1. Could you please give the count of residues in the range 117-140 that are within 12 Å of the ligand (Cβ to nearest atom) and in contact with a helix residue (DSSP H, G or I) (Cβ under 9 Å, 6 or more places away or on another chain)?
2. Could you identify the single residue in 130, 152, 120 that is over 24 Å from residue 9 (Cα atoms), at pLDDT below 90 and assigned to a helix (DSSP H, G or I)?
3. Checking the conditions here, which among 55, 105 is surrounded by fewer than 19 Cβ atoms within 10 Å (Cβ to Cβ), within 15 Å of residue 16 (Cβ to Cβ) and out of contact with any helix residue (DSSP H, G or I) (no Cβ under 9 Å at 6 or more places or on another chain)?
4. Could you check how many residues of the range 59-76 are part of a loop (DSSP other than H, G, I, E, B) and either in contact with a helix residue (DSSP H, G or I) (Cβ under 9 Å, 6 or more places away or on another chain) or within 22 Å of residue 111 (Cα to Cα) (or both)?
5. Restricting to the range 164-186, what's the tally of residues that are within 16 Å of the ligand (Cβ to nearest atom), in contact with a strand residue (DSSP E or B) (Cβ under 8 Å, 6 or more places away or on another chain) and at pLDDT below 85?
6. Listed residues 110, 100, 85; which is within 14 Å of the ligand (Cβ to nearest atom) and outside any strand (DSSP E or B)?
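The values are calculated or read from the model by the stated rules, or taken from the named source; none is laboratory data. Worth saying up front: this structure is predicted, and the values here are computed from it rather than measured. Heads up, the Cβs are rebuilt from the backbone with ideal geometry, glycines too, and the neighbour counts pull from every protein chain shown.
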Ligand SMILES: [Zn+2]
């Protein structure tokens with residue numbers, strides 16, 4: 001590549017012209033293609049993608065380990081058929097799940113898979129992905145209703161499916177089943193009152209759990225009720241997750257009456273762990289839980305608080321209090 005001693009291991013295609021520029025660079029020096037390990041194509045908002053050029057690029061990057069393909073909605077369904085990247089480990093795309101089957105079958109060694117919405121046909125009740133074996137995938141991010149059952153995956157991010165027919169996250173969890181799962185991050189709705197019970201029954205060995213409460217009008221008419229403020233049941237189910245070390249929860253609701261006040265937070269969060277004061281006297285401490293992180297809303301406007309509580313010293317202590325985090329803050 002002109003001006004640099006070694007060709008870059010990564011390439012980002014942000015406009016259609018970048019595809020042709022890459023092909024030209026490779027024609028000038030084949031080492032440009034051989035050096036690529038990370039290849040990202042983000043053309044979602046572009047017009048029709050020149051499929052021949054895109055396929056040519058894919059055929060050149062034979063050493064790619066990470067491939068991101070975010071393409072316009074009208075991308076032809078057979079784009080990836082017969083494409084093979086022998087070293088591919090991570091694949092992220094917004095292509096419809098049904099269009100990925102041949103490609104995924106050719107890449108059983110994939111360890112990380114990140115998929116956007118399903119976009120299956122209206123006559124397909126079940127996601128086509130559920131028919132293929134993805135047991136080699138260790139890290140998966142996909143809509144809850146699409147996750148295929150497997151026992152080897154260790155980290156799963158389940159997002160809410162965009163299909164209105166999938167209205168129950170617990171139902172999707174039940175059909176998914178991964179008893180050896182260690183890390184789970186998932187969306188849920190304010191009226192998924194039994195979410196923790198469902199998780200405990202599906203993935204009892206969890207070490208880290210992140211729950212992201214979605215904004216949505218609840219189907220049941222109780223705006224103040226949430227899974228986590230029914231402390232009797234919430235704390236009981238938390239105990240059933242007997243290996244859980246870290247719990248994180250993001251909600252747009254008010255978790256405490258006096259936000260960002262340590263004593264107020266402590267009282268609320270201890271109830272999550274031990275139930276009501278009367279229960280706490282008879283109930284054992286959670287055997288493994290050492291960290292609770294919560295992102296909650298304050299009463300005033302859209303402000304919020306991220307708080308982290310830890311028990312590394314034996315007693316629960318606040319270790320982080322962040323007021324008004326940016327919406328893009330990692331959680
Ligand atoms: Zn799907």
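1. Residues in the range 117-140 being within 12 Å of the ligand (Cβ to nearest atom) and in contact with a helix residue (DSSP H, G or I) (Cβ under 9 Å, 6 or more places away or on another chain): 14 in total.
2. 130 is the lone residue from the list that is over 24 Å from residue 9 (Cα atoms), at pLDDT below 90 and assigned to a helix (DSSP H, G or I).
3. Among 55, 105, only 55 is surrounded by fewer than 19 Cβ atoms within 10 Å (Cβ to Cβ), within 15 Å of residue 16 (Cβ to Cβ) and out of contact with any helix residue (DSSP H, G or I) (no Cβ under 9 Å at 6 or more places or on another chain).
4. So the count comes out to 8.
5. Of the residues in that region, 5 qualify.
6. Among 110, 100, 85, only 100 is within 14 Å of the ligand (Cβ to nearest atom) and outside any strand (DSSP E or B).
Quick grid of which residues meet (1) surrounded by 14 or more Cβ atoms within 10 Å (Cβ to Cβ); (2) out of contact with any strand residue (DSSP E or B) (no Cβ under 8 Å at 6 or more places or on another chain); (3) without any contact (Cβ under 8 Å) to a residue 60 or more places away in the chain:
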site	(1), (2), (3)
228	yes, no, yes
233	yes, yes, yes
248	yes, no, no
256	yes, no, yes
279	yes, yes, yes
289	yes, no, yes
